[in-house]
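Scroll down for the structure; my scribbles are underneath it.
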Amino acid sequence: MKIAVFAGDGIGQEVTAQALRVLEALPLPLSFLTGDVGGMAYKKHGHPLPPETLTVARECDAILFGAVGDPDCDNLARDLRPEQAILGLRSAMGLFANLRPAKMFPGLEGASALRPEVASAIDLLIVRELNGDVYFGEKGMRTTDAGLREGYDIMSYDESEVRRIAIAGFEAAQKRRGMLCSVDKANVLETSQLWRDVVIETAAGFPDVKLTHMLVDNAAMQLVRNPGQFDVVVTGNLFGDILSDQASMCVGSIGLLASASLGERKTAHGTFGLYEPIHGSAPDIAGKGIANPLATILSAAELLRHSLGQEEQAARVEQAVAKVLADGIFGADLGGDADTATIGDAVLARL
Ligand code: IPM
Ligand code: MG
């Protein structure tokens, strides 16, 4: 079982190192290949996603990804910026379905930005489309007739893109509590009208799932008002990006949210995927050894589950993480003083 490890920039290096310790501790025949991505790859190879990194990705069953983003690169042309590494991998590997689970951990209710009795009910999954939308449409800078600078980014989805992510949402709901909430902005956007039409058409194949629709502004509000109402949320690339950061603070910290990005490519034991924490490279705390590695460790658990077919080992890792939190071992993001390596040690001890 071959895993590509792309740690990337900033705290990506620190959190990935801890997730690797956890994977190496498991009784599995894993081998690891590394590759450069992001600002560090640009500095070494002149490109944030060098061809050799893509070659490594294609040889493996899964990618464990840290984070990309480097303030040194903020003035580069957009196609050379660190973020292009993750966008490029998602697109080159056809990873269109991004699963971002958000669940309250027992003992963490007090860390949520929400009242504990509201936060304790959180157990939701955001299924975010990852290969389309305003992220990948035509974009550019131009000058208006009046001589003003104008930036533009085209938002679009075709029906096949909506259908495949809708199916991913319905299938996820079937495995959970059977409820799917599709989030769009159909009162204003044509892209969203098509989204809604196609989701409704797709629902015919899933009579066991209860489908609802919600406008994205309302969804943002409902997520803090009553997050317990959500089971699976399916939404587009941009709305999913925003709502998943919001969901993370409802749980307590962005340092806790894992993600799995999946496509159609199969591995010997599951589906090829890319696994990453939803947080970024956090340049402000990079190198200090205080980043929370739990989101990356939980992402490694998702990797075991989806790409390697190791449900039992995945659950073991998740239980060890839950135990660390229940035991009150918190990093700075949760108001504690455990550093990155200490949290890694604590997970290993409970494993
Ligand atoms: C995420 C990140 C990325 C995104 C960035 C780094 C391009 O915010 O994975 O949520 O916008 O998708
Ligand atoms: Mg994001």
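The values are calculated or read from the model by the stated rules, or taken from the named source; none is laboratory data. On a predicted model such as this, the values are computed, not experimentally measured, just so you know. Because the Cβ atoms are built from the backbone with ideal geometry, glycine has one as well, and the counts that use them run over all protein chains shown. Side chains are part of the model used for accessible areas, which takes the heavy atoms of the whole protein and leaves out ligands, DNA and RNA. Shrake-Rupley method; radii C 1.70, N 1.55, O 1.52, S 1.80 Å.
Counting pairwise Cα distances across the range 1-94, what percent come out greater than 18 angstrom? Can you show the working numbers first?
Working: 1829 of 4371 pairs.
The answer is 42 percent, as a whole percent.
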Largest-first ordering by accessible area, 1.4 Å probe, given options Glu201, Glu150: Glu201, Glu150
DSSP-defined beta bridges in the range 123-250 - what % are antiparallel, rounded to 5: 25 percent
Portion, in percent, of the accessible area of the range 205-351 that falls on carbon or sulfur, probe 1.4 Å: 55 percent
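With every protein chain kept in place and ligands, DNA and RNA left out, what is the accessible area per residue of the chain? Probe 1.4 Å, answer in Å².
Details: 14610 Å² over 351 residues.
Heavy-atom accessible area per residue stands at 42 Å².
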Label-to-label distance, nm, for residues given as Asp245 and Asp217 (7 Å Cα→Cβ offset): 2.0 nm
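Of the DSSP beta bridges with both residues in the range 4-149, give the percent that are antiparallel, rounding to the nearest 5. Intermediate values should be presented prior to the final figure.
Working: 8 of 14 bridges.
The answer is about 55 percent antiparallel.
First obtain the Kirkwood hydrodynamic radius of the chain from its Cα pairs, then insert it into the Stokes-Einstein equation at 20 °C and 1.002 mPa s, and state the resulting D in µm² per second as a whole number.
Details: Rh = 20.6 Å.
Once the numbers are plugged in, D ends up at 104 µm²/s.
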Listed residues Val188, Ala166, Leu125: farthest to the positive end of the dipole of the range 123-250 (Cβ charges): Leu125
DSSP beta bridges in the chain [antiparallel fraction, %, rounded to 5]: 45 percent
Whole-Å distance, taken between Cα centres, linking the range 220-272 and the range 83-154: 9 Å
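Just the number: Rg to Rh for the range 211-285, Cα atoms, Kirkwood Rh, two decimals. Provide the component values of the computation, followed by the final result.
Details: Rg = 14.6 Å, Rh = 14.3 Å.
Expressed as Rg/Rh, it is 1.02.
How do Thr342, Thr271 rank by accessible surface area computed with a 1.4 Å probe, from largest to smallest?
Values: Thr342 60, Thr271 25 Å².
Most to least solvent-accessible, the answer reads Thr342, Thr271.
When Rg is the radius of gyration of the Cα atoms in the range 123-250 and Rh is its Kirkwood radius, what does Rg/Rh come to?
Details: Rg = 15.8 Å, Rh = 15.3 Å.
With Rh from the inverse mean 1/r over Cα pairs, Rg/Rh is 1.04.
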Compactness of the range 250-304, expressed as Rg and Dmax over alpha-carbon positions, Å: 13.3, 40
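What is the dipole size for the chain, taken about its Cα centre, with +1 at each Lys and Arg Cβ and -1 at each Asp and Glu Cβ, in debye to the nearest 20? Walk me through the numbers before you get to the answer.
Values: 31 positive and 46 negative charges, 112 e Å.
For the chain, the charge dipole is close to 540 debye.
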Residue-level accessible surface for Glu52, protein heavy atoms, 1.4 Å, Å²: 100 Å²
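Of the heavy-atom accessible surface of the range 59-169 (probe 1.4 angstrom), what whole percent is carbon and sulfur? Spell out each step's value before the answer.
Numbers: 2490 of 5170 Å².
The C+S portion of the solvent-accessible surface of the range 59-169 is 48 percent.
Can you pull out the trypsin sites (Lys or Arg not before Pro) in the range 187-244 whose DSSP state is coil and whose Cβ has at most 16 other Cβ atoms within 10 Å?
Values: sites: Arg196, Lys210, Arg225; in loops: none.
When the trypsin sites (Lys or Arg not before Pro) of the range 187-244 are filtered for loop state and at most 16 Cβ neighbours within 10 Å, nothing remains.
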